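The next block holds one structure in the form of C-alpha cells; read it before the comments.
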Amino acid sequence: MLDKLLEFDAFLFDLDGTLINTEPLHHAAWEQTVELHGFKLDWSFEEYLSHALLSRPHLFKTIYQKCPGLEQRTSDGEELRRQKIAVYERLLVSSPPQWMPGARPFLELLKAHKKEMVMVTNSPKKHVDQYTHCSFGNYFNNIFTIEDFEHPKPHPAGYLKALNAVKKPTGSCLVFEDSLKGIQSANSAGVKALLVASNMYKKSASIPDSIPSIDSFSQLLKSLA
C-alpha cells in the first residue's frame, strides 16, 4: 500500500492522536478529574491509551476498577466525562497541542500533489476551532466534527459523510487513524485505513498484526523519499 500511496485520490484523517498530540492532555485531564473526587489514577500513558482508544464504556469501567469507591460517589460515567472535558478545555488553553511527528510535512506533500483531504473527528467543533495555530484550512477541503454525524466512531457515520463529500470511489480513498475503533469505523464505511501508532501502543492495546500500520508520518515520509 505504501509504495502506491500517492495513487489514492482522497485522504481522510482522524485528528486527536493522529494529526495533533492531544492524548497527553486527555490523559492528564482524566487524572485531574479523578483527583477532584479524592482518588488517584495510577496508570502510565501507554496504559491509558490502551483503554481510552477502545471505547467510552470500556474506559469508564477501567477507571472505576482502578478507583474503588469512585463509582459509589459518582456512578454516571458520562457526568464524569463532562467534568473531564471542562478540565481538558482548560489544559487546551495552557498547553495547546502540537502536530504529531511528520504530520504537517505529510499534509504539505499531499497538498503539493493536489490531493483532496478531509478530517473526520469525534471531537466537538469548538475544540477544533481552537487549534488556530495549526491552520487546518490550508489543507482540508472539509472538516467533519461530532456535531456533523449522528453516531461517533466506531460507527461508520463520520466516514460515510466524508465519502459523500469527496464523491470519489471508496477504493481511491485512504484513511489515517490512531485507534482500533477508528480503523473499524473506516473499514465499516468500506475504506482502506492505515493505523498510525507506535509498537508500544499496538502491543499494549492488543492491536492485531493484520492491521496495516506505520509508526509515524515521519516514517511514512522516509518511505516515500
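Readers should treat all values here as calculations from the given coordinates under stated rules, not as data from a laboratory. None of these values were measured; they are calculated from a predicted model. No Cβ is skipped: glycine too gets one built from the backbone with ideal geometry, and neighbour counts run over all protein chains shown.
Of the residues Ser198, Ser213, Ser50, the one that moves most in a GNM of the chain with alpha-carbon contacts below 10 Å is Ser198. In sequence order, segment 154-167 has phi-based couplings of x, 5, x, 3, x, 6, 5, 5, 5, 5, 5, 6, 7, 6 Hz under the Karplus curve 6.51 cos²θ - 1.76 cosθ + 1.60, θ = phi - 60°, and Gly or Pro positions carry x. Compute the relative contact order of segment 92-204 as a whole-number percentage, counting only Cα pairs closer than 8 Å that sit 6 or more residues apart in sequence. For segment 92-204, the relative contact order is 20 percent. Each Lys and Arg Cβ is given +1 and each Asp and Glu Cβ -1; about its Cα centre, segment 1-49 then shows a dipole of about 120 debye.
Toward the positive end of the charge dipole of the chain, with +1 on the Cβ of Lys and Arg and -1 on the Cβ of Asp and Glu, the farthest Cα among Ala165, Ala186, His37 is that of Ala165. Considering only Ala193, Ala52, Ala112, the Gaussian network model of the chain with Cα springs below 10 Å gives its largest mean-square fluctuation to Ala112. Please say if the chain is rounded, prolate or oblate, where rounded means a/c under 1.5 for a ≥ b ≥ c the square roots of the C-alpha gyration tensor eigenvalues, and otherwise the choice is prolate for a/b larger than b/c and oblate otherwise? Cα axes put the chain in the prolate bin. The residues neighbouring Asp209, those whose beta-carbon lies less than 12 Å from its own, together hold a net charge of +2 under the Lys/Arg +1, Asp/Glu -1 convention. Site pair Glu71 and Ile211 shows an inter-label distance of 2.6 nm when each label is modelled 7 Å from Cα along Cα→Cβ.
Summing charges over all other residues whose Cβ lies under 9 Å from the Cβ of Ala29, with Lys and Arg as +1 and Asp and Glu as -1, gives 0.
Measuring nothing but how far apart in sequence close Cα pairs (under 8 Å, 6+ apart) lie, relative to its length, the chain scores a relative contact order of 28 percent. When the chain is treated as a Gaussian network with alpha carbon springs shorter than 10 Å, the biggest mean-square fluctuation among Met119, Met100, Met200 belongs to Met200. For segment 23-94, a simple Cβ point-charge model (Lys and Arg +1, Asp and Glu -1, everything else neutral) yields a dipole of about 140 debye relative to the Cα centre.
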